[in-house]
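J.: Quick one: the structure is below, questions incoming.
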Amino acid sequence: MSVTPAIKSLADVRQIEQTPLSARDLPASTYALIQRTAAAQPDAPALSFILQGTADETAYRLNYAELLGKITQTANAFHRLGLRPGKAVSFLLPNLPQTHFTIWGGEAAGIVNAINPLLDAEHIAELIEASDSELLVTLAPFPGTDLWDKVAALRGQLPKLKAILCVDMANFLPEPQRSGLKAQRGALPEGVRDFDETIAVCPADHLESGRIIQADEIASYFHTGGTTGTPKLAPHSHGNEVAMAYSMNLVTDFGPGDVTLCGLPLFHVNGVIVTGLTAFLGGAEVLLATPQGYRNPNLIGNFWKLIERHKVSFFSGVPTIYAGLLQVPSEGHDLSSLKYALCGAAPMPVELIHQFEAKTGLTLIEGYGLTEGTCGSCANPPAGERRPGSIGLPIPYCEVSIKVLDEQGQYLREAAVNEIGNLCIRGATVFKGYLQASKNAGIWVDGDWFNTGDLGRIDADGYVWLTGRSKDLIIRGGHNIDPQMIEEALHKHPAVALAAAVGKPDLKAGELPVVYVQLKPGMQASEAELLEHAAAHIPERAAVPKDAWIIDAIPLTAVGKTFKPALRFDAIARVYQAALSELAPGIRVEVLSDDQAGQLAHIHLPQRDAALEAAIAERLGGYAVGFILHGA
């Protein structure tokens, strides 16, 4: 049910914005948002969950009245355990119904702090400490999971925790497996409460705290900076999250009867906001597709069967997911319920978009967002022209600007049409700064614009195009990897003088980490030895480099800093050269900066040949970096 005309162009976005957000009668808090939908349609399906990812399993399902009741019980349980506004409850959970109860119940009682379960124990402890958390919700011991082991290793380091609650996945198993597993495992560890039992004794019809939540109160902390490096905590207010859900739903148009499949993790803003709060605002149903989401091979293998069975209308993913789904036959399945899918987190190769749409008949919408903006800032308009390779138009009430900065990062001027500059955002969805004040130096430009660290341009019709990153994060399948951790590990090797990590293009993951190494004079080390050293000293598997390339000298800027663009260009050239070498002798690849694309591969051919050119286009079409052909 549309509240406004469908967005087809930037003019439509501007027309919507003629009515200020303050006049839109939005609820003040996420709890009030869910309350409002539950009052309007208490019996409508709200949240469903499948454990295994098979096409025939029966889903656990809650309607809106039941979902609100569980959230209210959770908020009351947290309140009874001492959680107050301004204090945090951390969660370390896979995608479960209880994860949603914890998120929205935690926001109703205090602040909820989302933690990536894939982090190592040391980083988890850092985040619990940094958020000043008093409660922790995690997973009870369960076969094939290691979350309880991580928490057990940390308990002695976290004296501020008043209580630990465990969600028992055994409760989702049928009998006799459930009782058998519980008997085999025994009682929960001492001092740990069972989550379901703890909330069950609390009222479901009112908040015992009597709290009236204001829009400017902090609702959540989400960590950013990736799965490696020192995480930064981004606080979101209730107003940020409600505004984001409203703005996002002006694009997605979720309504009663729609089903959104959530396969992205609930420690990430996309899973929580797009396939979460945005759906709840519209009165749609959220399908939690297994605890592991897209990391569950069953889910990918049965994906189209599940779409048909649950009549899914929307899902959101990253390029690696779409590349994987291309390998799963969709023929013979009724996909008519699907309206479109959203892709974000990393650049989507244009060829991959074309292949996916041709295979499924599905409209794929490229978008862009980041944790600091609460989730989305741009999206291609489903009802208008979609420009493959572009991240689309600013979504309503999310201001986007390209600003030209000087070498010190100071604001100079607004960029001209199609001029590359720093992509900056502001508005009701943008946070007010990181929780750790030390992380806020230089993040604002030209007043209150947040500098995303991404480079981009805006064309004459208002479409935004990413052209690179001024910050050096490597984005592997939607996960951010801080190159500094890779470099620090390599610098521990006695033969290494300098190390610089960048991303190399990859058909499946978008980028994979590689490291360039300059050896100390007179010292020797093989590439295999350096990779072995890296694997031993980097705690995150995703960050271990795929290649270690020894070069004579790391390129430096005039002030002695590593010049990463030259290395990124070299990495692209190496990948493209290797991909094309078997097609014909004499092909030469050169990667140069480009005014519009940011970076472009120039393929020099020994002679023009239509068959060779077609083979090159097929070989390179799946990569995110564009190319141009030159004849002899």
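The values are calculated or read from the model by the stated rules, or taken from the named source; none is laboratory data. Only a predicted model underlies this, so the values are computations on that prediction, with no experimental measurement involved. Positions of Cβ are backbone-derived with ideal geometry, glycine not excepted, and every protein chain shown enters the neighbour counts.
J.: Is it true that residue 39 is assigned to a helix (DSSP H, G or I), within 21 Å of residue 279 (Cβ to Cβ) and within 28 Å of the chain's Cα centre (by Cα)?
T.: Answer is no for this residue.
J.: Out of 463, 516, which single residue is modelled with pLDDT of 90 or more and in contact with a Ser or Thr (Cβ under 8 Å, 6 or more places away or on another chain)?
T.: 463
J.: Name the residues in the stretch 47-89 that are of a type in the set (S, T, N, Q) and assigned to a loop (DSSP other than H, G, I, E, B), would you?
T.: Within the stretch 47-89, 52, 54, 58 meet the criteria.
J.: Identify the residue in the stretch 234-252 that is assigned to a helix (DSSP H, G or I) and of a type in the set (S, T, N, Q) and, among all such residues, is modelled with the lowest pLDDT.
T.: Among residues in the stretch 234-252 that are assigned to a helix (DSSP H, G or I) and of a type in the set (S, T, N, Q), the one modelled with the lowest pLDDT is 252.
J.: Next up: In the stretch 253-272, which residue that is of a type outside the set (Ser, Thr, Tyr) and outside any loop (DSSP other than H, G, I, E, B) is surrounded by the fewest Cβ atoms within 10 Å (Cβ to Cβ)?
T.: Filtering the stretch 253-272 for residues that are of a type outside the set (Ser, Thr, Tyr) and outside any loop (DSSP other than H, G, I, E, B), the one surrounded by the fewest Cβ atoms within 10 Å (Cβ to Cβ) comes out as 259.
J.: If the Cβ limit is 9 Å and pairs must be 6+ apart or interchain, which residue in the stretch 517-533 that is touching a residue at least 40 places away in the same chain (Cβ under 8 Å) and within 17 Å of residue 483 (Cα to Cα) pairs with which residue that is of a type in the set (A, V, I, L, M) and assigned to a helix (DSSP H, G or I)?
T.: 530/490; 533/489; 533/490
J.: Would you confirm whether or not the stretch 445-458 contains a residue that is of a type in the set (S, T, N, Q) and buried (at least 18 other Cβ atoms within 10 Å of the Cβ)?
T.: Checked against the condition, which is being of a type in the set (S, T, N, Q) and buried (at least 18 other Cβ atoms within 10 Å of the Cβ), the stretch 445-458 yields at least one hit.
J.: Would you check if residue 503 is more than 30 Å from the chain's Cα centre (by Cα) and either assigned to a strand (DSSP E or B) or over 25 Å from residue 352 (Cβ atoms) (or both)?
T.: Answer is no for this residue.
J.: What strands (runs of 3 or more DSSP E) lie completely within the stretch 435-488 and have 2 or more residues being among the aliphatic types (A, V, I, L, M) and in contact with a strand residue (DSSP E or B) (Cβ under 7 Å, 6 or more places away or on another chain)?
T.: 449-458, 464-469, 474-476
J.: Which residue out of 75, 163 is in contact (Cβ under 8 Å) with a residue 40 or more places away in the chain and out of contact with any Gly (no Cβ under 6 Å at 6 or more places or on another chain)?
T.: After ruling out the rest, the residue left standing is 163.
J.: Name the helices (runs of 4 or more DSSP H) wholly within the stretch 525-631 that hold at least 3 residues that are modelled with pLDDT of 95 or more, of a type outside the set (Lys, Arg) and surrounded by 16 or more Cβ atoms within 10 Å (Cβ to Cβ)?
T.: Because the criterion is at least 3 residues that are modelled with pLDDT of 95 or more, of a type outside the set (Lys, Arg) and surrounded by 16 or more Cβ atoms within 10 Å (Cβ to Cβ), the helices (runs of 4 or more DSSP H) in the stretch 525-631 that meet it are 527-537, 564-580.
J.: Of the residues that make up the stretch 267-276, is at least one within 21 Å of residue 46 (Cβ to Cβ) and hydroxyl-bearing (Ser, Thr, Tyr)?
T.: Checking the stretch 267-276: at least one residue is within 21 Å of residue 46 (Cβ to Cβ) and hydroxyl-bearing (Ser, Thr, Tyr).
J.: Next question. On the basis of being of a type in the set (Ser, Thr, Tyr) and either outside any strand (DSSP E or B) or in contact with a Ser or Thr (Cβ under 6 Å, 6 or more places away or on another chain) (or both), does residue 330 make the cut?
T.: Spelling it out, residue 330 is indeed of a type in the set (Ser, Thr, Tyr) and either outside any strand (DSSP E or B) or in contact with a Ser or Thr (Cβ under 6 Å, 6 or more places away or on another chain) (or both).
J.: Between 165, 147, which is surrounded by 15 or more Cβ atoms within 10 Å (Cβ to Cβ) and in contact with a helix residue (DSSP H, G or I) (Cβ under 8 Å, 6 or more places away or on another chain)?
T.: After ruling out the rest, the residue left standing is 165.
J.: Restricting to the stretch 333-377, and then to whatever is among the polar types (S, T, N, Q) and not in a helix (DSSP H, G or I), can you tell me which residue is surrounded by the most Cβ atoms within 10 Å (Cβ to Cβ)?
T.: If we take residues in the stretch 333-377 being among the polar types (S, T, N, Q) and not in a helix (DSSP H, G or I), then 374 is surrounded by the most Cβ atoms within 10 Å (Cβ to Cβ).
J.: Being touching a Ser or Thr at 6+ places or on another chain (Cβ under 6 Å) and either modelled with pLDDT under 95 or more than 8 Å from residue 105 (Cβ to Cβ) (or both) is the filter here, so list the residues in the stretch 62-80 that pass it.
T.: 64, 79, listed by residue number.
J.: While we're here: Any residue at all in the stretch 101-112 that's of a type in the set (A, V, I, L, M), at pLDDT 95 or above, over 21 Å from the mean Cα position of the chain (by Cα) and in the same structural domain as residue 46 (by TED's automatic domain parsing)?
T.: yes
J.: For the stretch 394-413, give me the residue count where each residue is over 19 Å from residue 251 (Cβ atoms) and either touching a residue at least 24 places away in the same chain (Cβ under 8 Å) or outside any strand (DSSP E or B) (or both).
T.: 10
J.: Would the stretch 189-205 turn up any residue that is at pLDDT 95 or above, assigned to a loop (DSSP other than H, G, I, E, B) and among the basic types (Lys, Arg)?
T.: Looking for residues that are at pLDDT 95 or above, assigned to a loop (DSSP other than H, G, I, E, B) and among the basic types (Lys, Arg), one finds none in the stretch 189-205, hence no.
J.: Identify, by number, the condition in (1) more than 18 Å from residue 82 (Cβ to Cβ); (2) touching a residue at least 60 places away in the same chain (Cβ under 8 Å); (3) not in a loop (DSSP other than H, G, I, E, B) that residue 118 doesn't meet.
T.: The failed condition is (3).
J.: Residue check: is residue 76 over 29 Å from residue 300 (Cβ atoms) and touching a Pro at 6+ places or on another chain (Cβ under 7 Å)?
T.: It is true that residue 76 is over 29 Å from residue 300 (Cβ atoms) and touching a Pro at 6+ places or on another chain (Cβ under 7 Å).
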